[in-house]
1. If we keep just the residues of the stretch 69-99 that are free of Cβ contacts under 8 Å to residues at least 60 places away in the same chain, near the ligand (Cβ under 10 Å from one of its atoms) and over 16 Å from the mean Cα position of the chain (by Cα), which is surrounded by the fewest Cβ atoms within 10 Å (Cβ to Cβ)?
2. Checking the condition closer than 15 Å to Ala75 by Cα, within 11 Å of the ligand (Cβ to nearest atom) and open to solvent by 20 Å² or more (accessible area, probe 1.4 Å), which residue from Ile41, Ile52 passes?
Amino acid sequence: MAKTDNMPLVGIVMGSDSDLPVMAKAADMLEELGIGYEIRIISAHREPDVLIEWARGAQDRGIRVMIAGAGMAAALPGMCAALSVLPVIGVPLSGKCLDGMDAVFSILQMPPGVPVATMAIDGAKNGAILAAKILALSDPELSAKLKDYSRRQKEQVMAKDAKLQEKGCMK
Ligand code: RP5
């Protein structure tokens, strides 16, 4: 994971360093698209005062979207949404218990008025792509990069299918 020099537009935050192997995939995807980001470890339960300061100040720092990943009781994404008007993308993490179902329900079941766009379990890469799509609404250059990304995905699947047709599925 390198660190793009572009101005941070996305705030990536996670509850623990144990979340980093998954959340680094969001950073990698933002790097690929040339989007600047902040990345922090801040625990909603263990240091709520630090979270309040970070989330309340995000918009003034130029952040336009947050990607918040957490496992277990996973209060972090919901608290980011409570503390800021910025769109919040939540990533439930499977690391510890219950295959991540605990974190899915914690992040997904937000009360009316405080939405979090919840990704699949460990879906940090999609979190970054969704953040990019939000930013691309006002950035034609980024929109073109996302179209190119889609085109390359399609080509990869077509190449795999062509190989299957040529070689068959038997070893
Ligand atoms: C959550 O508790 C974190 O997001 C992490 O997924 C989980 C466990 O944290 P550690 O005990 O690994 O620090 O708040």
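1. Here the residue is Cys97.
2. Sole residue among the options that is closer than 15 Å to Ala75 by Cα, within 11 Å of the ligand (Cβ to nearest atom) and open to solvent by 20 Å² or more (accessible area, probe 1.4 Å): Ile41.
The values are calculated or read from the model by the stated rules, or taken from the named source; none is laboratory data. Owing to the predicted nature of the structure, the values given are computational and were not obtained by experimental measurement. When we count neighbours, we look across all protein chains shown, and the Cβ atoms used for this are built from the backbone with ideal geometry, even at glycine. The protein model used for the area step is the full one, side chains on, heavy atoms only, and it has no ligands, DNA or RNA in it. Shrake-Rupley method; radii C 1.70, N 1.55, O 1.52, S 1.80 Å.
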